[in-house]
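Okay, structure first, notes after.
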Amino acid sequence: MTSKLQVTIPKAIADRYGIAPGDELDWITGADSARIVPRKAVRNPSSAAARLHLFDAATKRQSARQSRQPRPKASTGRGWTREELYDRGRAR
């Protein structure tokens, strides 16, 4: 651990898990330990088809969430006029 809180991963471990310079890692903390997991192994499917499938599923979930929420009512006015805006700071 350096003074900037940077950690060096031994080459043997990096080679074993396919970690290369520039890769992002996730830190998973427990009660008294921390695990380091390569982000690509957790979140990045290897094929374009798998990524597209995940994107389509997320889009469907978002559409379902939005359809359950009531739409806001369209306002008919601002509640103030331009003249009122310019008169606010003046003495009456």
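A short reminder: the numbers here are calculations on the coordinates, not readings from a lab. What you are looking at is a predicted structure, and each value in this text was computed from that prediction instead of being measured. As a convention, Cβ positions derive from the backbone with ideal geometry for all residues, glycine included, and neighbour counts pool all protein chains shown.
Fully extending the segment from residue 35 to residue 52 would add 3.2 nm, taking 0.36 nm per residue of separation and subtracting the current Cα-Cα distance.
In the chain, if the dipole is taken from +1 on Lys/Arg beta carbons and -1 on Asp/Glu beta carbons about the Cα centre, which of 86, 27, 58 is farthest to the positive end? Sorting the options by dipole projection puts first 86. Rounded to the nearest whole angstrom, the semi-axes of the ellipsoid equivalent to the chain, taken from the Cα gyration tensor as √(5λ), stand at 52, 26, 13, largest first.
What translational diffusion coefficient, in µm²/s and rounded to a whole number, does the Stokes-Einstein relation yield for the range 11-65 at 37 °C and a viscosity of 0.692 mPa s, taking the hydrodynamic radius as the Kirkwood radius over Cα pairs? Translational D for this selection: 240 µm²/s.
Note on residue 87 and residue 5: the model spin-label points, each 7 Å out from Cα along the C-beta direction, lie 5.6 nm apart. Lys-Lys pairs in the chain that are eight or more residues apart or on separate chains and whose Cα atoms lie under 25 Å of each other come to 4. Relative to the longest principal axis of the Cα atoms of the chain, the long axis of helix 48-68 makes an angle of roughly 30 degrees.
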